[in-house]
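Below: one structure, written as structure tokens.
The values are calculated or read from the model by the stated rules, or taken from the named source; none is laboratory data. Since the model is a prediction, treat every value here as computed from it, not as a measurement. Every residue, glycine among them, receives a Cβ derived from its backbone with ideal geometry; neighbour counts consider all protein chains shown. In case anyone asks, the SASA skips ligands and DNA or RNA and just uses the protein heavy atoms, side chains included. Shrake-Rupley method; radii C 1.70, N 1.55, O 1.52, S 1.80 Å.
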Amino acid sequence: MTGAAPLRGTDVLIIGGGMIGCALADRLSLDGAAVRVCERGGVASGTTAHGEGNVLVSDKGPGPELALAQLSRRLWPAVLERVAERLPEDAAGVEWEPKGGIVVATTEAGAAALGAFADGQRGAGVRCERLDAGQLAAAEPALTRDVCAAMYYPEDAQVQPAGAATALLGSAIAGGAIVETRCEVTAPLIRDGRLIGVETTRGPRHADIVINAAGPWSGTVSERLGAPIAIKPRRGDVLITAPMPPTVFHKVYDADYVGAVGSSDAALQSSAVVESTRGGPLLLGSSRRQCGFDDRIRLDSMAAIARKALRLYPILADVAIMRAYGGFRPYVADHLPVLGPDPRLPGLWHATGHEGAGIGLSIGTAQLISSALAGHPDEVDIAAYTVDRPAVLRDPADSTQKVSP
């Protein structure tokens, strides 16, 4: 971007106080916009509070999502450094850990697929290297030795998701942003065919630009605004162990994880994902299932996660599970985020559909949206994530895709 404040004089209302909304608020405030965030619950209380905090390039093949992930990964350290200059305690709460990721294959077929996948990623600029048995044992001493192939991704990182979101929002507030919680959007405010704000449970709120960043609830919000998009909730579950001494030193997952992420199957998909936290507990994932907004804990999901985690780390057999949680991720059928203006309703923009990658993609998303609002091109073309594509737009009369929170 050029200019110190390319969005000065622009009033922006962001619907949603999760990771994407907080990153947008931070960046748009920095670029001079007058920002208001309307969150129907509490800040970072939905999808953001129920994730693992992944900032990954390892799980994405060449294409638009990987390009956004690479942009975000490059931006994260500088953004956190900027936040730390003004809000050091908030920045510390992000718990940024560039610890790298290790992907393992436990079958020969999986090893061949992992090798081919990594070759494609290298062609797109991803840093990854094959580990032999000795290197893998040195990197992860407690990992099973029953591994056919392993790839190391030094760029993979992790944050504490709620801490990251609140730090970015704190930065936005310091820059003049207004945040309203318990403020649900109920209807559009339209003048001469243009969206000029929204009705909320706390009264009307006017803005030049309204950004739908409501995560899994973006479909419901878009429908209320009269421009529905096909965002569905996809549930994921995580197990949390009791605190442990240092045992897992990278984000470690089975190569099956990539297939589960990219699957469109509505039934339960699970794979082994094991990673440490700064406080000591391990996070065990992951699962994916399309079940609407049904928030019940499913025993089959918990059992599948535990069984596959034990396959990678047999040492976990005697470790207690402290708790489990699940959350909803914004799913799009073609597995790409939805970013940019809505062609049907001037004044409405969307920043949603990141599914389980929203934490990692948030910083790049905020930059692309800010650049596009200012009319400036960015190094990643926002057109790849256009709202006007078959997987996103749907007929308002099509009740078969309707979801409710």
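Observations on the structure shown:
- Look at the stretch 281-308: where a residue is free of Cβ contacts under 8 Å to residues at least 40 places away in the same chain and a partner is outside any strand (DSSP E or B) and open to solvent by 30 Å² or more (accessible area, probe 1.4 Å), sitting 6+ places away or on another chain with Cβ atoms under 7 Å, you get Asp300/Leu268; Ala304/Leu268.
- Inter-residue pairs, beta-carbon under 8 Å, first closer than 20 Å to Lys308 by Cα and in the stretch 106-125, second surrounded by fewer than 18 Cβ atoms within 10 Å (Cβ to Cβ) and polar (S, T, N, Q), 6+ apart: Thr106/Thr144
- Under the condition of being part of a loop (DSSP other than H, G, I, E, B), open to solvent by 20 Å² or more (accessible area, probe 1.4 Å) and in contact (Cβ under 8 Å) with a residue 60 or more places away in the chain, the residues counted in the stretch 147-184 number 7.
Every residue, every condition in (1) of a type outside the set (Gly, Ala, Ser); (2) closer than 30 Å to Trp96 by Cα, yes or no:
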| position | (1), (2) |
| --- | --- |
| Gly170 | no, yes |
| Ala177 | no, yes |
| Cys183 | yes, no |
| Thr186 | yes, no |
| Leu189 | yes, no |
| Arg194 | yes, no |
| Thr200 | yes, no |
| Ala207 | no, no |
| Val210 | yes, no |
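- Selection count where residues are open to solvent by 10 Å² or more (accessible area, probe 1.4 Å), of a type outside the set (D, E, K, R) and modelled with pLDDT of 80 or more, scope the stretch 249-283: 9
- Residue in the stretch 97-109 that is open to solvent by 50 Å² or more (accessible area, probe 1.4 Å), in a helix (DSSP H, G or I) and at pLDDT below 95 present: yes
- Residue selected from the stretch 1-43 under the condition touching a Cys at 6+ places or on another chain (Cβ under 9 Å) and surrounded by fewer than 24 Cβ atoms within 10 Å (Cβ to Cβ), by the criterion farthest from Cys183 (Cα to Cα): Val43
- Subset of the stretch 354-405 (residues that are at pLDDT 90 or above, open to solvent by 20 Å² or more (accessible area, probe 1.4 Å), part of a loop (DSSP other than H, G, I, E, B) and not hydrophobic (A, V, I, L, M, F, W, C)): Gly375, His376, Pro377, Asp378, Glu379, Asp381, Thr386, Asp388, Arg389, Pro390
- Within the stretch 305-318, being farther than 12 Å from Gly236 by Cβ and open to solvent by less than 40 Å² (accessible area, probe 1.4 Å) holds for Ala306, Ala309, Leu312, Tyr313, Leu316.
- The residues of the stretch 334-351 that are in a strand (DSSP E or B) and open to solvent by less than 10 Å² (accessible area, probe 1.4 Å), listed by number, are Val338, Leu339, Gly340, Leu348, His350, Ala351.
- Look at the stretch 79-97: where a residue is farther than 22 Å from Glu52 by Cα, no partner that is modelled with pLDDT under 95 and not β-branched (Val, Ile, Thr) sits 6+ places away or on another chain with Cβ atoms under 9 Å.
- Annotation: of all residues in the stretch 191-223 being without any contact (Cβ under 8 Å) to a residue 60 or more places away in the chain and either part of a strand (DSSP E or B) or under 17 Å from Ala34 (Cβ atoms) (or both), the one that is most open to solvent (accessible area, probe 1.4 Å) is Arg191.
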